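Scroll down for the structure; my scribbles are underneath it.
The values are calculated or read from the model by the stated rules, or taken from the named source; none is laboratory data. Keep in mind the model is a prediction, meaning the values are calculated, not measured. A quick note on method: Cβ atoms are made from the backbone with ideal geometry, for glycine too, and the neighbour counts reach across all protein chains shown.
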Amino acid sequence: MSETDQNYQNSDKYNESFSFNENKSYLKISFERITFIFFVFFILAIIFSSKVILLSVKKTPEIKKVTKKENFRSSILDKDGNILAKSVPIINLGINPNLVINKEKLLISLKLIFPNKNFQSEMYGKKFFYVKKKISPKKLEEVLLLGDKSFIQEDSIARVYPNGNLFSHVIGQIDNDNNGISGIEKTFDYELTTSKEPLKLTLDKELQYLIKEELLKSRDIFQNIGSAAILMNINNGNILSMISLPDFDLNKREKIIDKKYINRATKGVYEFGSVFKTFTLAAGLQYNVIEPDTEFKDLKKRITCAGNSISEYDDKIPSDLTAEEILIRSGNIGSVRIAEKVGIENYNEFLKNIGIISNLEFDIQEVGSTQIGRWGKCKLATVSFGHGIATTLLQLSKAYSIISNGGYDITPTLLRKDKLKRQRILNENLSATINPILRKIVSTKEGTAGFANVKGYEVGGKTGTADQPSEGGYSKKKVNTFTSVFPTSDPKFVLAVMLDEPKVNREFVYHYRDERYPYKGNWRNTAGWTTVWVTGQIIDKIGPILATKY
């Protein structure tokens, strides 16, 4: 081999060796760079992906979930299934001022949406405030279109009362934590928060509305400071309507501390006056010390007891009356004489049996207790015509029911219950004797309740006019009551109506139901000219409903 060929071969080996080493080094460097670049891009991808996910999860405005299972309360219904109270989902809208970019601009925008509100002090002085609780979908949409991240939606549950004031004293209130604090909401708080079934009451929305309307009219006529009415089935105690005025809007959830909003139907305790004369006559019949035709002769117009004077409300009342006539004409002195025949022990027992001076268990806790003091000769005399004893309209309704329904004990109730076995606690024939007398109080000219003689309903009842006690005696302020029972031939309903401090109205024109000429002005301010008139108007309105539904 020549030297040239050998050199060439050596050169080829060298080149081959050089080329291999150079390629290997290049490939290694490229792989490391690619791996590094890929790692960098991978990290960046993770960072950006996390940011995207975070932004997608975070909503604007932020939603704060506060809905809890225990916040739900079952609905409350009337006897026909109408909703009286219901829990519904709502949205409360708030703002975190620390997240607001331009507060002045946002305040202007909010003023356009809520023209009657000013958030200036809240925007600069609070860390959080509510813009609107129970915000409507339309308003919420307007606010969200502002696109501000400071808004916070809060899902919550609200208790709504579709009828506003209509059942306020009966349904009662709940606090901000959804706990019942009065009325049905309080008494049945456990049932309403643990059961999915609605609570069905005996109340009738239609009757409630009509009776309230007439009570409101009476306020315009007689300027009374308050009133109450109870309509009850006398055979089972089911209360169809219970109203106390003034009332309040349950939807506002305001703290009620003013005594004028007391439940006058169950909590208010009053001396009701002559409505007690029915109890006096009934007690005499129960203990067989008198008969309806028992005569009382030479009744005085005025007597004294322990230095206190007791007189007739009307000097025209005859001096010779039967027991029946004493009740029809509402005689004070005659009632005292009947009570004396009954005696303290028997009269006390009778009032206990009919629920006047015994504790009454009821479906709401706002119930008053009878005030009577110590029995004695003078106490017996005054109680016989309804003074010196104060009780509730609810107890009055129960007592009249027992006296009129055949003598069967009943328990007033707001809840629909299965038919209970009835127990007779008074003489079997007592109601058959009393009811026609109550009818005569309404249907005859000698009676005191002619304005309630609504044709076709056989209304019977007894009036009561009482001065309200004051320090050291009695004031001129009145409580006028009329407790009616109808139809007296087959009693089904008791309607007790009370006006608190009615005033005389000399311009009001009464229209008699027997087509006599109208009479202008009530001058004496007695129940016969106030509460009886209102009761007649009520029965006019509700009578057709009772006749068809009950």
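Might you check whether a residue that is under 30 Å from TRP529 (Cα atoms), in a loop (DSSP other than H, G, I, E, B) and in contact (Cβ under 8 Å) with a residue 24 or more places away in the chain occurs anywhere in the range 193-206? Checked against the condition, which is being under 30 Å from TRP529 (Cα atoms), in a loop (DSSP other than H, G, I, E, B) and in contact (Cβ under 8 Å) with a residue 24 or more places away in the chain, the range 193-206 yields at least one hit. Here GLN223 fulfils each of the conditions (1) on the phi > 0 side of the Ramachandran plot; (2) surrounded by 17 or more Cβ atoms within 10 Å (Cβ to Cβ) apart from (2).
Would you be able to say whether some residue in the range 294-317 is farther than 19 Å from THR448 by Cβ, in contact with a helix residue (DSSP H, G or I) (Cβ under 7 Å, 6 or more places away or on another chain), at pLDDT 95 or above and buried (at least 19 other Cβ atoms within 10 Å of the Cβ)? No, because not a single residue in the range 294-317 is farther than 19 Å from THR448 by Cβ, in contact with a helix residue (DSSP H, G or I) (Cβ under 7 Å, 6 or more places away or on another chain), at pLDDT 95 or above and buried (at least 19 other Cβ atoms within 10 Å of the Cβ).
In the range 306-314 there is no residue that is under 30 Å from GLY180 (Cβ atoms) and among the hydrophobic types (A, V, I, L, M, F, W, C). For the range 480-529, filtering for residues that are crowded, with 24+ Cβ neighbours inside 10 Å and either closer than 24 Å to ILE262 by Cα or of a type in the set (Asp, Glu) (or both) leaves 13. Here ILE243 meets the list (1) among the aliphatic types (A, V, I, L, M); (2) under 16 Å from ILE364 (Cα atoms); (3) surrounded by fewer than 24 Cβ atoms within 10 Å (Cβ to Cβ) almost entirely, failing just condition (3).
Out of all the residues in the range 209-222, is one or more over 23 Å from LYS503 (Cβ atoms) and not charged (D, E, K, R)?
Kept after step one, since they are over 23 Å from LYS503 (Cβ atoms), are these residues of the range 209-222: 209-210.
Then keep just the ones that are not charged (D, E, K, R); that gives 209-210.
Checked the range 209-222: at least one residue is over 23 Å from LYS503 (Cβ atoms) and not charged (D, E, K, R).
Looking across the range 383-423, the residues that are crowded, with 20+ Cβ neighbours inside 10 Å and among the β-branched types (Val, Ile, Thr) come down to VAL383, ILE389, THR391, THR392, ILE402, ILE403, ILE410.
Is it true that ILE364 is in a helix (DSSP H, G or I) and crowded, with 16+ Cβ neighbours inside 10 Å? Considered against the rule, which asks whether it is in a helix (DSSP H, G or I) and crowded, with 16+ Cβ neighbours inside 10 Å, ILE364 comes out as no. Within the range 320-350, being β-branched (Val, Ile, Thr), in contact with a Gly (Cβ under 8 Å, 6 or more places away or on another chain) and more than 20 Å from THR526 (Cβ to Cβ) holds for ILE338, VAL342, ILE344.
Please tell me if LYS212 is out of contact with any Leu (no Cβ under 6 Å at 6 or more places or on another chain) and either surrounded by fewer than 21 Cβ atoms within 10 Å (Cβ to Cβ) or more than 30 Å from GLU507 (Cβ to Cβ) (or both). Walk me through how you get there before you give the answer.
Working: out of contact with any Leu (no Cβ under 6 Å at 6 or more places or on another chain): yes; either surrounded by fewer than 21 Cβ atoms within 10 Å (Cβ to Cβ) or more than 30 Å from GLU507 (Cβ to Cβ) (or both): no.
No.
In the set (1) at pLDDT below 65; (2) surrounded by 10 or more Cβ atoms within 10 Å (Cβ to Cβ), VAL57 fails one condition alone, (2).
Quick one: is SER136 farther than 29 Å from LEU210 by Cα, free of Cβ contacts under 8 Å to residues at least 12 places away in the same chain, of a type in the set (Gly, Ala, Ser) and outside the structural domain of ARG416 (by TED's automatic domain parsing)? The answer is yes for SER136.
Considering ASN116, ASN98, the condition of being touching a residue at least 12 places away in the same chain (Cβ under 8 Å), among the polar types (S, T, N, Q) and surrounded by fewer than 19 Cβ atoms within 10 Å (Cβ to Cβ) is satisfied by ASN98 alone. Among the residues of the range 423-466, the ones that are charged (D, E, K, R) and free of Cβ contacts under 8 Å to residues at least 60 places away in the same chain come to 6 in all. Cβ-Cβ distances below 6 Å connect the following pairs, each with a first residue in the range 481-503 that is closer than 22 Å to ALA432 by Cβ, a second residue that is charged (D, E, K, R) and surrounded by fewer than 24 Cβ atoms within 10 Å (Cβ to Cβ), and a separation of six or more residues or different chains: PHE486/GLU458; PRO487/GLU458; THR488/ARG439; THR488/GLU458; SER489/GLU458. Applying the condition of being of a type in the set (Lys, Arg) and outside any loop (DSSP other than H, G, I, E, B) to the range 520-550 and asking which residue is nearest to LYS455 (Cα to Cα) yields LYS541.
For the range 155-170, the condition holds for at least one residue, the condition being that it is in contact with a Leu (Cβ under 6 Å, 6 or more places away or on another chain) and not aromatic (Phe, Trp, Tyr).
Hey, any hits in the range 152-159 for a residue that's at positive phi and not assigned by TED's automatic domain parsing to the domain that holds ASN263?
Just the residues of the range 152-159 that are at positive phi, to begin with: none.
No; the residues of the range 152-159 include none that is at positive phi and not assigned by TED's automatic domain parsing to the domain that holds ASN263.
Do we find a residue being surrounded by fewer than 23 Cβ atoms within 10 Å (Cβ to Cβ), touching a Cys at 6+ places or on another chain (Cβ under 8 Å) and modelled with pLDDT of 95 or more anywhere in the range 367-374? Let's see the steps before the verdict.
Quick first cut of the range 367-374, residues surrounded by fewer than 23 Cβ atoms within 10 Å (Cβ to Cβ) only: 367-374.
From the residues that got through so far, the ones that are touching a Cys at 6+ places or on another chain (Cβ under 8 Å) too are none.
No, every residue in the range 367-374 fails to be surrounded by fewer than 23 Cβ atoms within 10 Å (Cβ to Cβ), touching a Cys at 6+ places or on another chain (Cβ under 8 Å) and modelled with pLDDT of 95 or more.
In the range 319-349, of all residues being more than 19 Å from LYS300 (Cα to Cα) and surrounded by 22 or more Cβ atoms within 10 Å (Cβ to Cβ), the one that is nearest to the chain's Cα centre (by Cα) corresponds to TYR347.
Residue count for the range 131-171 under the criterion of being over 22 Å from the mean Cα position of the chain (by Cα), among the hydrophobic types (A, V, I, L, M, F, W, C), closer than 20 Å to PRO89 by Cβ and modelled with pLDDT of 90 or more: the result is 6. Taking the range 260-280 as the range and being among the aliphatic types (A, V, I, L, M) and either farther than 17 Å from HIS387 by Cβ or surrounded by fewer than 24 Cβ atoms within 10 Å (Cβ to Cβ) (or both) as the test, the residues that pass are ILE262, ALA265, VAL269.
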